[in-house]
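Asks: The structure under discussion is supplied below as structure tokens; questions concerning it will follow.
The values are calculated or read from the model by the stated rules, or taken from the named source; none is laboratory data. Keep in mind it's a predicted model, so treat the numbers as computed, not measured. Methodologically, a virtual Cβ is constructed for each residue, glycine included, from the backbone with ideal geometry; neighbour enumeration extends over all protein chains shown. Side chains are part of the model used for accessible areas, which takes the heavy atoms of the whole protein and leaves out ligands, DNA and RNA. Shrake-Rupley method; radii C 1.70, N 1.55, O 1.52, S 1.80 Å.
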Amino acid sequence: MFATPERTVKIPGPDHAIAITPNPLRVVVSVGGHVIADSRDALTLRESHFGTVHYLPRKDVRMSLLERTAHATYCPYKGECAYYSIPAGGERSVNAVWTYESPYDSVAPIKDYVAFYPDRVGTIEERCF
């Protein structure tokens, strides 16, 4: 993607570091008593000034339980972001899931992965296998 006046592209560096590492634990996401995702292949993204975020591969997410929304945002480090709601979670779970479908090269490993807002789902647990 090329930068436009509205869409500045930034590269992670010392002033804004982004690290993506495989998570050695199993990550399970539940909403309203339903397991929405269960992965042994999650990635952990650590970004300057933000908390740790677990990205789970779509193959381990029950995508049929999600509904794509029209909501979209932009991150100058990652790119265009699309959102999903989880109907089983009611109003609390509106736009609870996000994904970068065409992330910038510096964060390419998160392509085909989704992340969940902890306050919009029931639980996000890291478990031993």
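Asks: Counting only residues that are open to solvent by 50 Å² or more (accessible area, probe 1.4 Å) and either in contact (Cβ under 8 Å) with a residue 24 or more places away in the chain or in contact with a Leu (Cβ under 6 Å, 6 or more places away or on another chain) (or both), how many does region 27-48 have? Even if it seems obvious, please write down each step before you answer.
Replies: Narrowing region 27-48 to residues open to solvent by 50 Å² or more (accessible area, probe 1.4 Å): 32-35, 38, 40-41, 46.
With the extra rule that they be either in contact (Cβ under 8 Å) with a residue 24 or more places away in the chain or in contact with a Leu (Cβ under 6 Å, 6 or more places away or on another chain) (or both), the set shrinks to 32-35, 40, 46.
Number satisfying all stated conditions: 6.
Asks: While we're on this one: What's the total number of residues in region 55-74 that are of a type in the set (G, A, S) and open to solvent by 80 Å² or more (accessible area, probe 1.4 Å)?
Replies: Here is the first cut: in region 55-74, the ones of a type in the set (G, A, S) are 64, 70, 72.
With open to solvent by 80 Å² or more (accessible area, probe 1.4 Å) added as a condition, the list becomes 64, 70.
Summing the residues that are of a type in the set (G, A, S) and open to solvent by 80 Å² or more (accessible area, probe 1.4 Å) in region 55-74 gives 2.
Asks: Still on this structure, I have one more. Could you grab me the full set of residues in region 1-26 that are without any contact (Cβ under 8 Å) to a residue 24 or more places away in the chain, open to solvent by less than 50 Å² (accessible area, probe 1.4 Å) and outside any strand (DSSP E or B)?
Replies: The answer is none; no residue qualifies.
Asks: Restricting to region 90-102, name every residue that is open to solvent by 20 Å² or more (accessible area, probe 1.4 Å) and either among the polar types (S, T, N, Q) or assigned to a loop (DSSP other than H, G, I, E, B) (or both). Please lay out each step first, then the result.
Replies: Residues of region 90-102 that are open to solvent by 20 Å² or more (accessible area, probe 1.4 Å), as a first pass: 90-92, 94-95, 98, 101-102.
V94, N95, E101, S102 - these are the residues of region 90-102 that are open to solvent by 20 Å² or more (accessible area, probe 1.4 Å) and either among the polar types (S, T, N, Q) or assigned to a loop (DSSP other than H, G, I, E, B) (or both).
Asks: May I pose another question? Are any of the residues in region 54-67 over 14 Å from T99 (Cβ atoms) and assigned to a strand (DSSP E or B)?
Replies: no
Asks: Another question, then. So which of E67, E125 ends up being in contact with a Pro (Cβ under 9 Å, 6 or more places away or on another chain) and among the acidic types (D, E)?
Replies: On the way: E125 fails: in contact with a Pro (Cβ under 9 Å, 6 or more places away or on another chain).
Matching residue, one of E67, E125: E67.
Asks: Something else: Any idea which residue in region 4-41 is nearest to K111 (Cα to Cα), counting only those that are touching a Pro at 6+ places or on another chain (Cβ under 7 Å) and of a type in the set (D, E, K, R)? Give the steps one after another, and end with the answer.
Replies: In the first step, residues of region 4-41 are kept if they are touching a Pro at 6+ places or on another chain (Cβ under 7 Å); the result is 8-10, 18, 20, 39, 41.
Still in the list and also of a type in the set (D, E, K, R): 10, 41.
Details: K10: 18, D41: 13 Å.
My answer is D41.
Asks: Given (1) open to solvent by less than 60 Å² (accessible area, probe 1.4 Å); (2) touching a residue at least 60 places away in the same chain (Cβ under 8 Å); (3) farther than 18 Å from S93 by Cα, identify the lone condition not met by G51.
Replies: The number of the failed condition is (2).
Asks: A further question on this structure: Looking at region 83-103, I want the residues that are more than 14 Å from Y55 (Cα to Cα) and have a partner that is of a type in the set (D, E, K, R) and part of a loop (DSSP other than H, G, I, E, B) with Cβ atoms under 9 Å, at least 6 apart or on another chain. Which pairs are those?
Replies: Correct list of pairs: S102/K111.
Asks: A further question on this structure: Out of P109, P87, which single residue is closer than 16 Å to P12 by Cα and open to solvent by 30 Å² or more (accessible area, probe 1.4 Å)? Full working, then the answer.
Replies: Working: P87 fails: closer than 16 Å to P12 by Cα.
So the residue among P109, P87 that is closer than 16 Å to P12 by Cα and open to solvent by 30 Å² or more (accessible area, probe 1.4 Å) is P109.
Asks: Can you find a residue in region 108-129 that is without any contact (Cβ under 8 Å) to a residue 60 or more places away in the chain, assigned to a strand (DSSP E or B) and not polar (S, T, N, Q)? Walk me through how you get there before you give the answer.
Replies: From region 108-129, those without any contact (Cβ under 8 Å) to a residue 60 or more places away in the chain are 108, 111-112, 117-120; that's our starting set.
With assigned to a strand (DSSP E or B) added as a condition, the list becomes none.
The answer is no; no qualifying residue exists.
Asks: Return only the number of the condition from (1) within 19 Å of T123 (Cα to Cα); (2) under 14 Å from the mean Cα position of the chain (by Cα); (3) open to solvent by less than 30 Å² (accessible area, probe 1.4 Å) that K78 does not satisfy.
Replies: For K78, the exception is condition (1).
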